[in-house]
Amino acid sequence: MALGVKRSKEGTQVLRFGFPKGSLEGMTAQLFERAGYRMQFPERSLFPSIDDKEIECVLLRPQEMGRYVHQGVLDAGIAGHDWISENKADVKELAELRYSKTSFAPTRWVLAVPQDSPIASVKDLEGKRIATECVGLVNDWLEKHGVKAIVDFSWGATEVKPPLLADAIVDITETGSSLRANGLRIVETLLESTPRLIANLAAYENPWKRRKLDRLALMLSGAIAAQGKVGLMLNCPKDRLPKVLALLPALSSPTVSPLADGRMVAVNTIVDEARARDLLPDLADAGATGIVEFPITKIVY
């Protein structure tokens, strides 16, 4: 049965969704779990299961995702901004999802050369050989700067190509540690990239699919926004409230509610988790009581 043809037992429509395989797979699964979806990845299968009968998932390499969504083979998927651009995919971007293989920071496509290379800028690449997986990106960048160089497609292990097989490389990195470990230094950044929730243009015109995708975007964006945040609840006497509020950062302003005894108020807010360790003792010193710190999984603006 072709992808997307199946229907649930209730006969509902099914959204054909591309899930990134490889380095982003684990972090994407965690994101979906925080957004409220439960997924399973059967061994040796490219079809993960999800606890939503209206979504059908298939695992694909991120490099291919934009092309398949653009062509309508998939209704939607998650693809990096870099590969969307590389494939010149005409798709609808529904949300920027700021996470990467090991963190929640953008990845970077960088020009890197051996430590002792004389190459110090794009102008020094004239006539040189560059190895990369992102050929279109590099060619566009060279053309923008008026530089002519040989750009070779690399099938992997790009960081080991210089100096024997290439004068320079353009490779993707988060921290640069792998490049440094292979004796390379970064000259400059060509592009910063984050994953995007994308949709096929025609699919997004379908009212049912649009609503389904907009709701999915809301939940995934909410899970991203909640990363590194915790909720705080506390009580304090009314006369101590100004001192307590002065300590509290918030998304807009804390919620303050009167308690039944008329002398106390309840305060609710959201703070950076990293600040809570020092903030809670300060709140207690300011007169707060009944302080509760609790995890949050989603923030919907």
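The values are calculated or read from the model by the stated rules, or taken from the named source; none is laboratory data. No experiment lies behind these values; they were computed from the predicted model shown. FYI the Cβ positions are ideal-geometry reconstructions off the backbone, even for glycines, and counts take in every protein chain you see. For the accessible areas, the whole protein counts, side chains as well, though only heavy atoms, and no ligand, DNA or RNA atoms are used. Shrake-Rupley method; radii C 1.70, N 1.55, O 1.52, S 1.80 Å.
Based on what the data block shows, is residue 78 touching a Pro at 6+ places or on another chain (Cβ under 6 Å) and either crowded, with 20+ Cβ neighbours inside 10 Å or not hydrophobic (A, V, I, L, M, F, W, C) (or both)? When the stated conditions are applied, residue 78 passes them. Reported count of residues in region 16-36, each being crowded, with 18+ Cβ neighbours inside 10 Å and in a loop (DSSP other than H, G, I, E, B), is 3. Look at (1) within 28 Å of residue 106 (Cβ to Cβ); (2) open to solvent by 50 Å² or more (accessible area, probe 1.4 Å); (3) part of a loop (DSSP other than H, G, I, E, B) and you find that residue 13 fails only one, number (1). Of the residues making up region 277-287, just one is farther than 29 Å from residue 297 by Cβ and either open to solvent by 70 Å² or more (accessible area, probe 1.4 Å) or within 31 Å of the chain's Cα centre (by Cα) (or both), namely 285. One residue stands out in region 37-48 among those that are over 23 Å from residue 91 (Cβ atoms) and assigned to a loop (DSSP other than H, G, I, E, B): the one that is modelled with the highest pLDDT, namely 38.
A count restricted to region 254-275 and to residues that are without any contact (Cβ under 8 Å) to a residue 12 or more places away in the chain and within 25 Å of residue 300 (Cβ to Cβ) stands at 1. The set of residues in region 260-276 that are exposed (fewer than 14 other Cβ atoms within 10 Å of the Cβ) and among the small types (Gly, Ala, Ser) comprises 260, 262, 274. Out of the residues in region 170-194 that are assigned to a loop (DSSP other than H, G, I, E, B) and either aliphatic (A, V, I, L, M) or more than 21 Å from residue 24 (Cα to Cα) (or both), state the one that is least open to solvent (accessible area, probe 1.4 Å). That would be 183. Among the criteria (1) surrounded by 21 or more Cβ atoms within 10 Å (Cβ to Cβ); (2) closer than 22 Å to residue 193 by Cβ; (3) not aromatic (Phe, Trp, Tyr), the one residue 167 does not fulfil is (2).
Restricted to region 82-111, and to residues there that are in contact with a Pro (Cβ under 8 Å, 6 or more places away or on another chain) and not charged (D, E, K, R), the residue that is surrounded by the fewest Cβ atoms within 10 Å (Cβ to Cβ) is 99. Could you say whether any residue in region 136-144 is surrounded by 11 or more Cβ atoms within 10 Å (Cβ to Cβ), assigned to a loop (DSSP other than H, G, I, E, B) and on the phi < 0 side of the Ramachandran plot? No, every residue in region 136-144 fails to be surrounded by 11 or more Cβ atoms within 10 Å (Cβ to Cβ), assigned to a loop (DSSP other than H, G, I, E, B) and on the phi < 0 side of the Ramachandran plot.
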